[in-house]
Amino acid sequence: MAHGKVPSANDWFRLDNAAKIFPAISTERETNTFRVQIEMTEDVDKDFLQLAVDAALERYPMFKVRLKSGLFWNYLDYNQRPFTVRPLTHKVCGPLDPRDNNGYLFQIYYRARLIVLEMFHSLADGGGAFALIKTIVYEYLTLKGCRVTPDNMILTRDSLPTKEEYEDSNLTYYDPQNHRHVKEERAFLVKGTPIEDGNIGLISGTISTAEMIALARNHQASVTEYLTALLMYIIYLTQIKYREHLKENQKPVKIFVPVNLRKHFPSNTLRNFANFVKSGMVMNRADITFDEILEETKKQFAFGLQPKELIRKMSENVSFEKNFFLRITPYFLKKFALRIGYKKMGLLLNTLSFSNLGKIDFPESMEPYIDNVSVAVYSGRFNTINIGTSSFRDKFRITFTRSIVETTIEREFFRHFTEKGIHVTIESNYVEEY
Amino acid sequence: MKYCDKCHVEVRTNQPYCPLCHQVLKGESELARMEVYPEYVPPIRTVRTLTKKAVLFVTVVSIITLLIVNLTDFDGRLWSLIPIGAILYVFVIIRLGILSRHNIAFKLAILTTILIAILNVIDQEYTAEAYRGWALDYVTPLSLLACNIAISVIILIKRINYRDYLFYLLTIVVFSLVPPVLCLFDVIRIDWPSLAAFGLAGGILLGIIFFFPKSIKAEIKKRFHL
Ligand SMILES: [Zn+2]
């Protein structure tokens, strides 16, 4: 679409490099959706919210789409049907059924003070989702008569959509000379009793952002490094220790940590532009300490975050997508290749994923209306536990989602903080009680 | 707010138990306060899913019965494949045509295509030599003709969604161009049904090119991008 043109029925968008794989591999249980949740300081009015979403969608033609199938690839096609906000249900990051959502690839839910956005990963990553929900909250507060200003931190209808926002930045920054594939070992998987009906349990803990940062600084680590190491240590304590000789436990515990590439490369895209670093360690001794894991994690992060390494991982994916034979294979066959590849190369290579979205900024005028912000990622059959964190002012929220009944990891994780005298407030969707 | 004195955490809930350790929580419930997340509502088994299961059950049972009857009294002919083909077609009509939520042009196009395929198989495999060819001569072109008319009429009536239907219309139009080619090679011996289908398809194709040039170009670009 040309700069500034009003979106029309003839608009369509190619899926970006990362988005191409999700429609092929997503199922009822591996939904590949994620949640961005904002708790306001007052109850949300659903009629104003509906109007706010309608207004926001005018600014985001690239989200006013539905997924359609082509002969070789799926694509996003302009969706002229209306979008409806809904009351929040017990389902966390469930599948987005395109047929009872007018084809939209995201949902907006409301409940008491919550505004919840759930999005299918083909549409965008956390960066794009936060841009959208910020605009929605801004429009909502404006409609409610609050005096808020966008301060150039929020995309509003005062600016027009730009081509940069639709760009697949993976294609901009990839390097055809640097796409070596690095073979990886399968990861240790956390096993447990599946929750009935494929439901996802959610437990989130809120701690002080300042205390969290101080704790990490005491160990000369970033918050992401500290929490990654802590998660590995907790998995070691709860799942492996005293059983480290078992065959199953020889596999490395590996944490998949998404990296927002907008922070490493100049890009304003609203689409998927993320990569990852991993920290992994074989836990086959009885005397592994937290400090030891943290040192290892810091080393692996330093290596994984080098621009050369980030470009290599990006180029590996792009060169796969650009493979001539894959491209000319009709989509219904391509789907099987993608599914097998993803299970072998994606899901089974990670114990869990930990997404730290970091500090979420709002214009100062909006801050008084917002209490906290959190993120959650779906959990499935292999990655039975996933973690999402974000901070808003002094509330650092750590959200665990799980597809298993057991909450041992969550319990030990939060006790790690309370033992240090850090105050923790817990919320849960109590899926196990029903 | 409630408190767990085992985990030493505050819990924002009115539930009696700690979500981390399942011990009873201390503190008073604030009943005025809504739970942060809604309660679990078990999924409702809809009529649609139940019907789907019933249809699948009946289909599988009747196919197995037919095969058993055919094979226990086997005289060298697999006659059961004809009713099995018919049953499968009815199954596809119910599943795709009635119970699915695909768009109507897709349903028409796919059901027509499957019907043509099944009838051609029956024609080639089970018709006596002298009468063979009816499916190619009449059924194929005439059902394509009917399908073309049906989708065109739907586009005229439901103009708002025409972009969704255009692609399927185009597919059937392209299929309709095949029978006249088969006529040229004498595979099809009766010309008029093929020519009628071809004539209508050609007319529709020109109509699309004249009236929706941009839509059709965009549609082809979208559907076939590499
Ligand atoms: Zn407890």
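The values are calculated or read from the model by the stated rules, or taken from the named source; none is laboratory data. Since the structure is predicted, the reported quantities are computational estimates derived from the model, not experimental observations. Backbone-built Cβ (ideal geometry, glycine too); neighbour counts: all protein chains shown. We work out accessible area using only protein heavy atoms, side chains counted, and drop any ligands, DNA or RNA first. Shrake-Rupley method; radii C 1.70, N 1.55, O 1.52, S 1.80 Å.
Only residues that are open to solvent by less than 50 Å² (accessible area, probe 1.4 Å) and in a loop (DSSP other than H, G, I, E, B): list them for region B:73-97, please. Listed by number, the list holds a single entry, B:Ser80. Just so you know, in region B:195-226 the residues that are surrounded by 16 or more Cβ atoms within 10 Å (Cβ to Cβ) and of a type in the set (Phe, Trp, Tyr) include one that is farthest from the other protein chains (Cβ to nearest Cβ), and it is B:Phe198.
Filtered by the rule that a residue be more than 30 Å from A:Thr89 (Cα to Cα) and open to solvent by less than 60 Å² (accessible area, probe 1.4 Å), region B:41-67 gives B:Val55, B:Thr59, B:Ser62, B:Ile63, B:Leu66. Among the residues of region A:245-286, those identified as in a loop (DSSP other than H, G, I, E, B) and open to solvent by 30 Å² or more (accessible area, probe 1.4 Å) are A:His245, A:Leu246, A:Lys251, A:His264, A:Pro266, A:Asn268, A:Val282, A:Asn284, A:Arg285, A:Ala286. Of all residues in region A:192-217, those that are closer than 20 Å to A:Ile38 by Cα and part of a strand (DSSP E or B) have Cβ atoms under 6 Å from Cβ atoms of residues that are at pLDDT 95 or above and open to solvent by 20 Å² or more (accessible area, probe 1.4 Å), 6 or more apart or on another chain, in A:Thr206/A:Lys395; A:Thr206/A:Thr425; A:Ser208/A:Asp394. Of the helices (runs of 4 or more DSSP H) lying entirely inside region B:101-207, the ones with 3 or more residues being touching a Gly at 6+ places or on another chain (Cβ under 7 Å) are found at B:104-126.
Mind counting the residues in region B:151-194 that are within 14 Å of chain A (Cβ to nearest Cβ) and acidic (Asp, Glu)?
1
The single condition among (1) under 29 Å from B:Asp164 (Cβ atoms); (2) within 14 Å of chain A (Cβ to nearest Cβ); (3) open to solvent by 60 Å² or more (accessible area, probe 1.4 Å); (4) without any contact (Cβ under 8 Å) to a residue 12 or more places away in the chain that B:Ser100 does not satisfy is (3).
For region A:63-79, the condition holds for no residue, the condition being that it is under 17 Å from the mean Cα position of the chain (by Cα), within 14 Å of another protein chain (Cβ to nearest Cβ) and within 30 Å of A:Tyr331 (Cβ to Cβ). For region A:45-59, the condition holds for at least one residue, the condition being that it is under 30 Å from A:Phe400 (Cβ atoms) and out of contact with any helix residue (DSSP H, G or I) (no Cβ under 8 Å at 6 or more places or on another chain).
Does B:Val61 satisfy the criteria of being away from the ligand (no atom under 16 Å from the Cβ), more than 9 Å from chain A (Cβ to nearest Cβ) and not polar (S, T, N, Q)? So that I can check it myself, show each step before the final result.
Values: away from the ligand (no atom under 16 Å from the Cβ): yes; more than 9 Å from chain A (Cβ to nearest Cβ): yes; not polar (S, T, N, Q): yes.
Here the answer is yes, as B:Val61 does meet what is asked.
When the residues of region B:1-15 are filtered to those that are open to solvent by 60 Å² or more (accessible area, probe 1.4 Å) and not in a strand (DSSP E or B), the one that is nearest to the ligand (Cβ to nearest atom) is B:Lys6. Within region B:16-37, the only residue that satisfies the criterion of being away from the ligand (no atom under 14 Å from the Cβ), surrounded by 17 or more Cβ atoms within 10 Å (Cβ to Cβ) and not β-branched (Val, Ile, Thr) is B:Tyr37. Of the residues A:Asp125, A:Asp175, A:Asp158, the single one that is surrounded by 21 or more Cβ atoms within 10 Å (Cβ to Cβ), acidic (Asp, Glu) and not assigned by TED's automatic domain parsing to the domain that holds A:Val257 is A:Asp125.
Based on what the data block shows, is B:Asn70 open to solvent by less than 50 Å² (accessible area, probe 1.4 Å) and free of Cβ contacts under 8 Å to residues at least 12 places away in the same chain?
yes
Residue-level check: of (1) more than 14 Å from chain B (Cβ to nearest Cβ); (2) out of contact with any Gly (no Cβ under 6 Å at 6 or more places or on another chain); (3) farther than 20 Å from A:Val253 by Cβ, A:Asn356 misses just (3).
With the requirement that a residue be in contact with a strand residue (DSSP E or B) (Cβ under 7 Å, 6 or more places away or on another chain), crowded, with 21+ Cβ neighbours inside 10 Å and within 11 Å of chain B (Cβ to nearest Cβ), what does region A:89-108 give you? Selection gives A:Val92 alone. For region A:379-434, filtering for residues that are open to solvent by less than 50 Å² (accessible area, probe 1.4 Å), more than 9 Å from every other protein chain (Cβ to nearest Cβ) and over 19 Å from A:Ile235 (Cβ atoms) leaves 6.
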